[in-house]
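Accompanying notes for the structure given below.
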Amino acid sequence: MLPDVSTKQARAKFYGSSTWRRLRQSILERDHFECQWCKTEGRVTTDAILEVDHIQELKDHPELALDPENLRTLCKDCHNKRHDRMNYRGEPRKKKWSDEFDVL
C-alpha cells in the first residue's frame with residue numbers, strides 16, 4: 001500500500017510514522033552516519049545534522065517512499081543545496097560594502 005503524500009499534512013504524517021522513523025534509522029546506519037555527498041568529495045561529515053533524502057522526489061514518486069535504494073543520508077547543508085533552499089552554506093557571505101573600501 002502506498003503512503004498518502006499528496007498534501008503537506010499527509011507528508012508530515014508520513015515523516016512522523018514509526019515505519020518512516022525505523023527506515024530512516026536503518027538508512028543512517030547503512031550509510032555509516034555520513035553525508036553521502038560530502039563523502040564523494042572526500043570529506044567526512046558526521047557531526048552535522050543528518051537527514052535522509054529521497055533521491056526521486058517523494059511527491060512525484062510515492063511508490064518509492066519506502067524504497068531503501070531511493071534513500072541516502074545527506075547533511076543538512078547538502079540537503080538544502082540539493083533542494084535549492086536559500087539557507088545552505090554554499091559560498092561565504094559577502095560582507096556588505098566590502099568592495100567599496102579596498103585599500104590601494
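Before moving on, here are some points about what is shown:
- Residues of the stretch 43-57 that turn out to be farther than 14 Å from Arg82 by Cα and either in a strand (DSSP E or B) or at pLDDT below 90 (or both), as a count: 6
- Within the stretch 12-25, the set of residues being closer than 12 Å to Pro68 by Cα and loosely packed, with under 13 Cβ neighbours inside 10 Å comprises Arg22, Gln25.
- Some residue of the stretch 90-103 being modelled with pLDDT under 95 and within 17 Å of the chain's Cα centre (by Cα): yes
- Options Arg30, Arg72: the member that is surrounded by fewer than 18 Cβ atoms within 10 Å (Cβ to Cβ), closer than 23 Å to Ser17 by Cβ and at pLDDT 90 or above: Arg30
Every residue, every condition in (1) touching a residue at least 24 places away in the same chain (Cβ under 8 Å); (2) among the aliphatic types (A, V, I, L, M); (3) under 26 Å from Lys13 (Cβ atoms), yes or no:
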position: Trp37; (1), (2), (3): yes, no, no
position: Arg43; (1), (2), (3): no, no, no
position: Glu63; (1), (2), (3): yes, no, yes
position: Asp67; (1), (2), (3): no, no, yes
position: Asn70; (1), (2), (3): no, no, yes
position: Asp77; (1), (2), (3): yes, no, no
position: Asn80; (1), (2), (3): no, no, yes
position: His83; (1), (2), (3): no, no, yes
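- Residue match in the stretch 14-25 (condition: in contact with a Lys or Arg (Cβ under 8 Å, 6 or more places away or on another chain) and not small (Gly, Ala, Ser)): no
The values are calculated or read from the model by the stated rules, or taken from the named source; none is laboratory data. Bear in mind the structure is a predicted one, so any value in this text is a computation, not a measurement. Neighbour counts are summed over all protein chains in view; Cβ atoms, including those assigned to glycine, are modelled from backbone coordinates with ideal geometry.
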